[in-house]
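Following: one structure in structure tokens, then a few remarks.
The values are calculated or read from the model by the stated rules, or taken from the named source; none is laboratory data. All values derive from a computational prediction rather than experimental measurement. Glycine also receives a Cβ, built like all others from the backbone with ideal geometry; neighbour counts cover every protein chain displayed. To get the accessible areas, we keep the full protein, side chains included, count just its heavy atoms, and leave off ligands, DNA and RNA. Shrake-Rupley method; radii C 1.70, N 1.55, O 1.52, S 1.80 Å.
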Amino acid sequence: MVTGERVQAPQPELERTRFAMAFVLTVALSLMLVVRIAYLKTAGQQHWARIGAEMFGKGREPKPLRGGIYSAEKVALAETREEPELVANPMVLAEPAATADALSERLRVPAAEILPYLQRVKRKLPDGRVVDARWRPIRVPLEPVSARRLCDELRMLQAKSPLAGISVTWKPIRRYPSGSDLTPVLGIIGSRGAGLAGLEFQQDKVLRPVAGADPKAVADGRSVQLTIRADAQETAMACLREGLDACGAEAAQIIVMDPATSSVLAMGSLPSLDPSSRGKLKTNTPAGHKQFFEMLRNRSLDRFEPGSIMKLATAAAAVDMGVIDPSFTHRCTGAIAIGKSRIRCPKTGSRGPAHGPLDLRGALAQSCNCYFARVGDLMGRDRMLEFLERFGFLGKTGAGLPGDRPAVFSFDGPGSNTIKPSDRGTVARIAFGQAISVSPLSLMRVYCALLTDGRLRPVRLIDKHLGPDGKPVWTAPARPGAQIVRPETAALMRKYIENVVDTGTGKTGGVEGYRVGGKTATAQKVNPATKRYEFFVCSFIGVAPMSNPRLVAMVTMDKPTKGRHYGSVVAAPVFRQVAQKLLWQWSVRPDAAVEPKTTAHSQVRVVAAGLPRRAR
């Protein structure tokens, strides 16, 4: 027999009590949930709408902003500001048409432009599900004053207001008031606010917001002030566009500098990207991706075979080294054989006879290749490398721009930084601007030295760093530069370059009323597909006025297709327009007496009395 305690069955009354308690608790929780839902649908809607408006509207902590980029006159070239944006939640909107009418009345924008942004749209999630989009930006003009007024109204929303589901967000937006004019120089920023190209990339550490010791304490970034003048930039780009359209070139670039300090006053390339239309480019395709970066290229830093504008530098080096004196004469017969190369002069063939006997002054005025090939051969390999090193072609310009690179020797093969000892032909070609690829900015740096005291100064583009209060916190130091030629050699080159405009190939670059110097170039360009010279790059470097140089400018037209492809035809007239307009804008007094110049454009002598009052 089994013994133990006897287990009693549960009593029916206890079971009923437990069931009743569970039922009452369930009913109570359900009632609480219903009451809460009813509250959120009625009175609570106003409360939470007010909280949402405060989160997305005026009641927000200001965000630290990226520093700006300014011209020499402190005109904004790139600036970040918090700008308002309307946002709609279509899932909350009861009557989209009524909401559109309400916004139209407050913003003075047609309701028909607002209504499409209030409709429900689908979006695909990463996991493949398709759901309704909760927030849609309303792409209509919204002034900050209207946005703040709307924020105040959103805080006081009533239960069934047609504006329920509308919010105002404030986002930092990078603006470029100069449009596409300075994009190759300034660059752009990415979606996360970091610089992607140009100065935005190179100066990113300066411009971006600065974190302090406290991770939450972030201050605005510092700003950068450039030496570029807004008036010079606008004038230069307007003239460059006109010249590009006239000659049908594939691309163009212009640089304007102050020769006394090597400061950049204007710099631009065409074609270039307008940051405001950046979203229209389809960068997800190979063609669109290539086009995007092509329009960001700073062609002032692109290396190319410069052609005849190299001759002034060669002349200065040869005279200063004692290789030749200004009276050195060579008889141009149309061609010259040096080493394994046979060099032709552009004066021969269908364009006329050979130049005949020329001294240095005449060779520069007539741009004789044979003369300078002979000078290059006399210099030899070692002195040619010494010349290129001394004149800064084998180093950087010091402008502080990405893509600033030394020259390379580029004849008959890939670019390199050396010359074979036995390659006399390459040395001769370098003397007149072939077989070497240099950037326009490095050429301008050398011209600034030869047009002043013979000192090669670093290119000055960044002038100051400014704190959030606008006061300078750093100023670029003045660097005297290295003496590359004697002052008397530089003075001789100034006389020769003025003679090029007076009597030589640069006549079309003359500016009436001013003494002007300049040098033309019509350089051949290799077709990468055939490895042969098939295209042309036309250039002109000019300086004005020669009595007291205020500006030196370089204009380059790549692959012109209309008319004659000469630097004197497609590039020099652009310089003339730029120089004339800027000298008048800056009230530079014309030279006291300028001999009449007969050019293709004018046979009239213009003196001070014939110029506008502001130019006298």
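Can you work out ³J(HN,Hα) from phi for every residue in region 531-544, in order, using Karplus 6.51 cos²θ - 1.76 cosθ + 1.60 and θ = phi - 60°, giving whole Hz and x for Gly and Pro?
My calculation for region 531-544 gives 6, 10, 6, 10, 10, 10, 10, 9, 9, 8, 10, x, 9, 7 Hz in order.
Order Met379, Met321 by their accessible area, 1.4 angstrom probe, all chains in place, largest first. Provide the component values of the computation, followed by the final result.
Numbers: Met379 5, Met321 45 Å².
Correct descending sequence by accessible area is Met321, Met379.
Determine which aspartates and glutamates satisfy two conditions relative to Lys562: a Cα distance under 19 Å, and not lying fewer than 8 residues away in the same chain.
Qualifying aspartates and glutamates at Cα under 19 Å: Glu242, Asp245, Glu250, Glu534.
Taking Lys340 as the anchor, which aspartates and glutamates have their alpha carbon closer than 17 Å to its alpha carbon, excluding any fewer than eight residues away along the same chain?
Asp377, Asp412, Asp423
Tell me, what is the 1.4 Å probe accessible area of Val537, in Å² to the nearest 10?
Roll a 1.4 Å probe over it and Val537 shows about 10 Å².
What whole number of Å gives the distance from the Cα centroid of region 192-266 to the Cα centroid of region 485-515?
First find each Cα centre; the distance between them is then 31 Å.
Using alpha-carbon pairs under 8 Å, 6+ residues apart, how would you state the relative contact order of region 167-286 in percent?
Working: 150 pairs, mean separation 30.0, N = 120.
Once divided by the residue count of region 167-286, the mean separation gives 25 percent.
Tell me, what ³J(HN,Hα) does each residue in region 119-126 have, in order and in whole Hz, if you take phi through Karplus 6.51 cos²θ - 1.76 cosθ + 1.60 with θ = phi - 60° and put x for Gly and Pro?
Result, rounded to whole Hz: 7, 6, 10, 9, 9, 9, 7, x.
Which far-off residues, 5 or more places away or on another chain, put their amide H under 5 Å from the one on Tyr70, with H placed in the peptide plane?
Leu77, Val224, Gln225, Leu226
Dipole of region 443-497 (Lys/Arg Cβ +1, Asp/Glu Cβ -1, origin at the Cα centre): which of Leu466, Leu456, Thr489 lies farthest to the positive side?
Farthest along the dipole direction, towards plus: Thr489.
Run the 1.4 Å probe and let me know the accessible area of Phe535, rounded to the nearest 10 Å².
60
Can you give the extra length, in nm with one decimal, that the chain gains between Met321 and Ala260 once fully stretched, where that is 0.36 nm per residue apart less the Cα-Cα distance?
Numbers: separation 61, 0.36 × 61 = 21.96 nm, distance 2.40 nm.
Answer, rounded to one decimal: 19.6 nm.
Please tell me which of these pairs span more than 25 angstrom C-alpha to C-alpha: Lys396/Lys471; Lys464/Lys519; Lys464/Lys495; Lys531/Lys559; Lys205/Lys290; Lys311/Lys396? Don't skip to the end; give the middle numbers.
Values: Lys396/Lys471 30 Å; Lys464/Lys519 33 Å; Lys464/Lys495 35 Å; Lys531/Lys559 16 Å; Lys205/Lys290 27 Å; Lys311/Lys396 21 Å.
As for pairs spanning more than 25 Å Cα to Cα, those are Lys396/Lys471; Lys464/Lys519; Lys464/Lys495; Lys205/Lys290.
Can you give me the solvent accessible area of Tyr176 with a 1.4 Å probe, rounded to the nearest 10 Å²?
The value for Tyr176 is about 40 Å².
Quick check: from the Cα gyration tensor, does region 448-515 come out rounded (a/c under 1.5), prolate or oblate?
Numbers: a/c = 4.68, a/b = 1.91, b/c = 2.46.
Oblate is the answer for region 448-515, as a/c is 1.5 or above yet b/c matches or exceeds a/b.
What is the magnitude of the charge dipole of region 267-345 about its Cα centre, with +1 placed on the Cβ of each Lys and Arg, -1 on the Cβ of each Asp and Glu, and no other charges, expressed in debye to the nearest 20?
Values: 12 positive and 6 negative charges, 89 e Å.
Using Cβ point charges on Lys, Arg, Asp and Glu, region 267-345 gives about 420 debye.
Which order, highest average first, do 140-149, 506-515 follow once you tally other Cβ atoms within 10 Å for each residue and take the mean per peptide?
Final packing ranking: 506-515, 140-149.
Under 5 Å between amide hydrogens, which residues at least 5 positions from Ser341 or on another chain qualify, with H placed 1.01 Å from N in the peptide plane?
Placed amide hydrogens put Gly425 under 5 Å from Ser341.
Given Cα positions, please report Rg to Rh for region 319-399, the hydrodynamic radius being the Kirkwood one.
Numbers: Rg = 14.4 Å, Rh = 13.9 Å.
Radius of gyration over Kirkwood radius for region 319-399 works out to 1.03.
What's the ranking of 584-591, 177-184 by average number of surrounding C-beta atoms within 10 Å, highest first?
177-184, 584-591
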